[in-house]
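Let me begin by presenting the structure, written as structure tokens, before commenting on it.
The values are calculated or read from the model by the stated rules, or taken from the named source; none is laboratory data. Since the structure is predicted, the reported quantities are computational estimates derived from the model, not experimental observations. FYI the Cβ positions are ideal-geometry reconstructions off the backbone, even for glycines, and counts take in every protein chain you see. Note: areas computed on protein heavy atoms with side chains; ligands, DNA, RNA excluded. Shrake-Rupley method; radii C 1.70, N 1.55, O 1.52, S 1.80 Å.
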Amino acid sequence: AQKITQTQPGMFVQEKEAVTLDCTYDTSDPSYGLFWYKQPSSGEMIFLIYQGSYDQQNATEGRYSLNFQKARKSANLVISASQLGDSAMYFCAMREGRANAGKSTFGDGTTLTVKP
Amino acid sequence: GAVVSQHPSWVICKSGTSVKIECRSLDFQATTMFWYRQFPKQSLMLMATSNEGSKATYEQGVEKDKFLINHASLTLSTLTVTSAHPEDSSFYICSARRQSYGYTFGSGTRLTVV
């Protein structure tokens, strides 16, 4: 079974609107971390936001917020006030185990296109 | 913030030759770095975990003799694609984890084998 599932291969959003990118995960480890990355066409991977499994509050970083629903094993990324520069591929990832275990599993990604 | 520098950004090489890709952590020490491979419009696939001062841990299906990883210092890991073939053409990207910064990725290397 896939550990990270991103069900939206592509998404469109109008500039200045909010958009939610879905991510569900599967793990039996009580300790894990969830990450979102942005990959523009240039190829570089940009870290956006992190949520730990024991964190009580949803993570927020500027226009990015993570809607963490532990019981449902979902960690959706919400981008508010979309900008044209947000057009990119977005990856959800999970790291299981202790903090220094390191290895992450990535979802297949969602291509976001922001329309002017 | 944490910065990982990856070099070269792109390389074209002839079939049968070897190519070395460097990954440096510029402002922090990284005992562990990760090497990924990405095909067009696909997710990242972890190839191996590079551990400073010890052998790399390779994922299942990754040929360790073909993809040589060396992590000789706390700031440098190298991936050498030996005897490259056209099917090795891909985007290779490294990452390192720094406390409270999450994972930082290099800018990637686009390898084309002709």
### Query
Can you work out ³J(HN,Hα) from phi for every residue in the range A:67-82, in order, using Karplus 6.51 cos²θ - 1.76 cosθ + 1.60 and θ = phi - 60°, giving whole Hz and x for Gly and Pro?
8, 8, 10, 4, 5, 8, 6, 10, 9, 7, 9, 10, 10, 9, 6, 3
### Query
Given DSSP loops and a limit of at most 10 other Cβ atoms within 10 Å, what is the longest stretch of chain B that contains no such trypsin sites (Lys or Arg not before Pro)?
B:42-114
### Query
Could you give me the ³J(HN,Hα) list for the range B:41-49, computed from phi with Karplus coefficients 6.51, -1.76, 1.60 and θ = phi - 60°, whole Hz, x at Gly and Pro?
6, 10, 6, 7, 10, 5, 9, 6, 10
### Task
Return the lysines within reach of B:Lys20: Cα separation strictly under 22 angstrom, same-chain partners fewer than 8 residues apart disregarded; answer none if there are no such residues.
B:Lys55, B:Lys64, B:Lys66
### Query
Cα-based Rg (one decimal) and Dmax (whole number) for the range B:57-114, in Å?
13.0, 41
### Query
Debye sum, Cα scatterers, chain A, no solvent: what log₁₀ I/I(0) at q = 0.15, 0.16, 0.20 1/Å?
-0.61, -0.69, -1.06
## Note on the structure
Ignoring ligands and nucleic acids, chains B and A bury, in total, an accessible area (1.4 Å probe) to the nearest 100 Å² of about 1400
### Task
Mind listing the lone cysteines of chain B, meaning no other Cys beta-carbon sits under 4.7 Å from theirs?
B:Cys13
### Message
So for chain B, averaging the separation of alpha carbon pairs under 8 Å that are six or more residues apart and normalising by length, what relative contact order in percent results?
### Response
37
### Query
Out of A:Leu77, A:Leu48, A:Leu66, any idea which swings most in a Gaussian network model of chain A, alpha carbons joined below 10 Å?
A:Leu48
### Query
Each residue of the range B:72-81 in turn: what ³J(HN,Hα) in whole Hz from Karplus with 6.51, -1.76, 1.60 and θ = phi - 60°, glycine and Pro shown as x?
7, 9, 6, 10, 9, 10, 10, 10, 10, 8
### Task
For A:Thr111, list long-range residues whose amide hydrogen, built 1.01 Å from N in the peptide plane, is under 5 Å from its own amide hydrogen.
A:Gly10, A:Met11, A:Tyr90
### Query
Total Lys pairs in chain A closer than 22 Å by alpha-carbon, pairs eight or more apart in sequence or interchain only?
11
### Placed amide H near B:Leu74: partners under 5 Å, 5+ positions off or other chain
none
### GluC sites (Glu not before Pro) restricted to the range B:27-109 and DSSP loop, no more than 10 other C-beta within 10 Å
B:Glu63
### Task
Collect residues whose amide H, placed 1.01 Å from N in the peptide plane, falls under 5 Å from the amide H of B:Ser107; neighbours closer than 5 in sequence don't count.
B:Gln6
